[in-house]
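To start, the structure itself, in structure tokens.
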Amino acid sequence: MATPQPDPLALLRFQVEAGADEAIAETPRNRLLAEPEPSTHPGAVPEPSSPQRPAEDRAPRRAPAPPLRESRPAPRMPESESAAQARAAREVAECTTLEELRAAIAAFDGCALRDTATNLVFSDGNPEARVMLVGEAPGREEDRRGVPFVGESGQLLDRMLAAIGLDRTSVYISNILPWRPPGNRKPSAQETELCLPFIRRHIAIVRPAILVLAGATSAGNLLGRTDGITRLRGRWFDYPCDDRVIPALPMFHPAFLLRQPASKREAWRDLQELRARLDALDADTA
């Protein structure tokens, strides 16, 4: 049985894949044919050998090594909720001005709400005012403009303040959360806990004479109470702040009053209580 001959094209392909891209001899030689034995009788003239090329020219050519990839820092491992909150507290602890605090909050990357919000919603009003009002979280219009209480509930708040002789030049306004939860949903307990160091430092820098806590999220978390807002509203509480205690008055959030207009009667009583406390402060300083 005849031995099958190798496929010349397959052999040539093997040579190319091995790196041989040109012939070494000056003339091609068919290596598939049997070569005659070299003459060994006396007087035989040897065939001229092909000139040898330098060793480096005879070495098979290799493809250049791929370029080294740019080194990148390893991705940060996910933080636990307690670790993220501790880092938030550390990063704002040394802030002594509102500008420093705003920059620290804007740079904080441990809260997922930052990635879905349009703008950081920091504050509005007069930081020198005696009254600081703290709400829950920005809504759609607040997120768009980067200012708290400018939507429909903000317009109601302006009318409520005007009813007792106040406006945004005599009140300072902020929120527990500086970023809007997607879809205006209620912030989770974890998101609220994470942002508490921000608003606590915010209050410590402003040092208001009176705190107004609008809504259950604001009142419950800053006062450490589990009572509902209907039980907390209209009562004065002590909010410890560094070396002093700030009187705090919980009341209904304007957004709640838009849904439950019958509760405006209680809200009006709370506003009158706030006005009476301010008048007492004026009398003490007179």
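Bear in mind that the values in this text are calculations on the coordinates, not laboratory data. The structure displayed is predicted, hence computed values, not measured ones. Here Cβ is always computed from backbone atoms with ideal geometry, including for glycine, and neighbour counts include all displayed protein chains.
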| remark: Using alpha-carbon positions, the gyration tensor of the range 223-275 gives root eigenvalues a ≥ b ≥ c; with a/c under 1.5 called rounded, otherwise prolate if a/b exceeds b/c, else oblate, the class is prolate
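Classify the range 80-191: rounded, prolate or oblate, from the alpha-carbon gyration tensor (a ≥ b ≥ c, eigenvalue square roots; a/c under 1.5 rounded; otherwise prolate if a/b is larger than b/c)? Could you put the intermediate results ahead of the total?
On the way: a/c = 2.27, a/b = 1.44, b/c = 1.58.
Oblate, since a/c reaches 1.5 and b/c is not below a/b.
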| message | So the label point goes 7 Å from the Cα of ARG269 along Cα→C-beta, right? Which residues of the range 210-250 then have their backbone N under 20 Å from it? | response | 212-216, 219-220, 227-238, 248-250
| Residue-count net charge about GLY125 - beta-carbon cut-off 14 Å; Lys, Arg +1, Asp, Glu -1 | -3
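For an R0 of 30 angstrom, estimate the FRET efficiency from the Cβ-Cβ distance between ALA93 and LYS186 and round to the nearest 0.05. Before the final figure, lay out the partial values.
Details: r = 28 Å, r/R0 = 0.94.
The pair ALA93/LYS186 has a calculated efficiency of 0.60.
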| task | Can you tell me how much longer the chain between ASP238 and ARG259 gets when fully stretched, taken as 0.36 nm per residue apart minus their C-alpha distance, in nm with one decimal? | result | 4.6 nm
| request: For ASP284, put the label point 7 Å out on the Cα→Cβ axis and report which residues of the range 236-261 keep their amide N under 15 Å from it. | output: 236-241, 244-249
| request: Amide H neighbours of TYR172 under 5 Å, at least 5 residues apart or on other chains, H built in the peptide plane: list them. | output: ASN126, VAL131, MET132, LEU133
